[in-house]
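First the structure, in the form of structure tokens, and then the observations on it.
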Amino acid sequence: MKILTVVALCIGAPSISGFNSSPLSSLSSRRPTLAASSLVTVAQTSSPDVVVISPPGGIGEIASVEAARLGGSVKWFVVSAPSLSSSSTGIALTSETLSAIEKAGGSIELAGANADSLLVNSDDGNSAASAVSTWCRGTKSILCTYDGAEEEKRRADLEKSADERGGSEDQMIRSSIRVAAREAVEVAGAGVSKIAILSAEEEMGDEEGTEQKGKGFLGGLFGGNAVEIPDTMSEAMKGTTAVVRHGELFGAPESSPESSPFMGGPRREPILREMYTMRSIRIDPTISLSGSVIAGGSKTNRVAVGAVASRLGMEKIEVPKKSGIDVSLSSFAGTETPTEEEWNKEFSRVIELVASPSGGANLFSAEFSSVPSTKRLAEWIATKWAPAILRSYDIAGTRVGARAVYALQTDDNTVEIVWQELVDFNSVTSGRMIIKIEDTGMTATRGPGNASDGFGRISMKPLSGEDILVRRLADAASQAIEKGLATKSKVSAKEAAAQQTQAKPLTTLVASSAASAPAEPAVPASSGPGPRGAGARRSAERTRGTRRKNPPSSE
């Protein structure tokens, strides 16, 4: 196994130095020296293809290595917790990975800074913001992720006493990443691609209060010398940003000991890690998956997230830069990694969904063979089905926030269920569910509220009680069939024949010379003692079910 020597830029030291580490080094030891080089030397480096800004390890390392494997010039800027001691270490890669990077013509440079050095004003001599700008100048794409901030906080807590633990290093790292992203975007090349990797429900538009609390804490920590911190990653990246969301993460970067295929030591029956058995992927618009697949416990392979992020950064996936696409990535069972064609196919499908009239916010669909009258079915949903559901405790019991209030038939084949909430003691429409009746089916999509009240965009998060209505819509489709408002979808003759062929068990008959001989009846198994349990058989068949004509004599 070779050791990759990468260039370490450390904010505060007089020179750039190379470093390496053991292939089995832990994540806590794989950290750049947090002390750094002069800006004159930094300015001599060429403009990179991809700049990755992240905590140590995790998705940031995977995306950096994968982009280099694709032939890119990569600069990985690592943001570490401020309380960690300095160490001169690096990342360790296998000889296969090094050969692939060399063959593709890729390269990796590594730099790092403490989180607190990015949160002070750029005029301060301890600020690392100006060094980030110089190092990232001219980049073609910027990739940012928070993955690893919680792990970095736990590692920082190991160096503290029990009384000192419980700080907000993870919040500080997140804020520092946004500051570094802003500095990198300001000096990036024209038409820079911006990719943010976030968790399922992160930064969807209602985290303003949380961010303001974090800014207040950091402002108190650094006093009047604190730098202005963007609230979200999109604000830090200024403009259209491609967002890739993930569920519960699993898997580890190549240089981590946890990237070994087998769990534990040598075993008679080895157990493979999930990162090798769950490589199949599915990509969907986040707006259609909020509150269901991703938020409902879906898992995502870190390797898959790093792969899609690096391909977006290297423009290997065809996505319009001005689209601002927001997608969710889920991992499923499968041992084959997605090919370039599969990645592009998944994104093409998502782009088509987002470009559809529903904007990708599809919640429910049901197929019918036919609908005799779309107007009658729409009237039944608006006047019978929806009012009964809205009066149920699950919906009517909502006391805080938006609530589904009433249903309105807006067209012969369209019904809208309206959500309202109180804003400054005024009732405003904050969202809708649009139920569309077609000749062969029924669909439900999430719609926006009133634009004049500030709800003109489709909510990224599910509306209150939306999941209940979606489940009840399945019952509504069944009731419509029972009431004759729709005809059940029929399976074609060819499909029915294929299903019967698959369901019919195959029987193999074997003819032999002893086929004419009567077979002895099988002896039923018996768990109790007795002659039957020992294998004894009756000599003659006993008559059953016939009543004796003459009672037995008493003699």
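The values are calculated or read from the model by the stated rules, or taken from the named source; none is laboratory data. None of the values given here were measured: they were computed from a predicted structure. Quick reminder, even Gly has a Cβ in these numbers, built from the backbone with ideal geometry, and neighbours come from all protein chains shown. Side chains are part of the model used for accessible areas, which takes the heavy atoms of the whole protein and leaves out ligands, DNA and RNA. Shrake-Rupley method; radii C 1.70, N 1.55, O 1.52, S 1.80 Å.
For region 95-107, the Karplus equation 6.51 cos²θ - 1.76 cosθ + 1.60, evaluated at θ = phi - 60°, returns couplings of 5, 5, 5, 4, 5, 5, 5, 5, 5, 7, x, x, 7 Hz by residue, with Gly and Pro reported as x.
Taking Tyr393, Tyr146, Tyr276 and ordering them by how much accessible surface each has at a 1.4 Å probe, largest first, produces Tyr393, Tyr276, Tyr146. Ratio of Rg to Rh for region 420-494: 1.14 [Cα atoms; Kirkwood radius as inverse mean 1/r over pairs]. For Val192, neighbours were defined as the other residues whose beta-carbon sits under 15 Å from its Cβ, and their charges (Lys and Arg +1, Asp and Glu -1) total +4. Taking amide H atoms as placed 1.01 Å from N in the peptide plane, the amide H of Ile108 lies under 5 Å from those of Val74, each 5 or more residues away in sequence or on another chain. Couplings 3J(HN,Hα) for region 276-282, derived from phi with the Karplus relation 6.51 cos²θ - 1.76 cosθ + 1.60 (θ = phi - 60°), are 9, 9, 10, 9, 5, 10, 9 Hz, where x marks Gly and Pro. Solvent exposure of Asp411, expressed as accessible area, is near 80 Å², computed with a probe of 1.4 Å over the protein chains only. Length, then width, then depth: along the principal axes, the Cα atoms of region 79-179 run 51, 34, 23 Å. The solvent-accessible area of Lys461, taken with every protein chain present and a 1.4 Å probe, is close to 60 Å². Close amide H partners of Ser369, meaning residues 5 or more places away or on another chain with modelled amide H under 5 Å apart, are Thr487, Lys488, Ser489, Lys490.
Close amide-amide hydrogen proximity is noted between Asp124 and no other residue 5 or more places distant or on a separate chain, at a cut-off under 5 Å (H modeled in the peptide plane; Pro and chain starts excluded). Mind checking which of Gly447, Gly431, Met460 is farthest towards the positive end of region 411-468's charge dipole, using Cβ charges of +1 (Lys, Arg) and -1 (Asp, Glu) about the Cα centre? Towards the positive end, the residue furthest out is Met460.
Counting only Cβ charges, +1 for Lys and Arg and -1 for Asp and Glu, the dipole size of region 348-478 around its Cα centre is about 240 debye. Here the Karplus relation 6.51 cos²θ - 1.76 cosθ + 1.60, evaluated at θ = phi - 60°, turns the backbone of region 110-123 into coupling constants of 10, 9, x, 8, 6, 4, 5, 6, 8, 9, 9, 4, 5, 6 Hz, with x for every Gly and Pro. For Ser369, the shell of other residues with beta-carbons less than 13 Å away shows a net charge of -1, using +1 for Lys and Arg and -1 for Asp and Glu.
Of the trypsin sites (Lys or Arg not before Pro) in region 336-420, the ones in a loop by DSSP (not H, G, I, E or B) with at most 13 other beta carbons within 10 Å are Arg391, Arg399.
Using a cut-off of 30 Å between Cα atoms, the listed pairs Lys75/Lys322; Lys299/Lys345; Lys316/Lys436; Lys103/Lys153; Lys345/Lys483 include Lys316/Lys436; Lys103/Lys153; Lys345/Lys483 as exceeding that distance.
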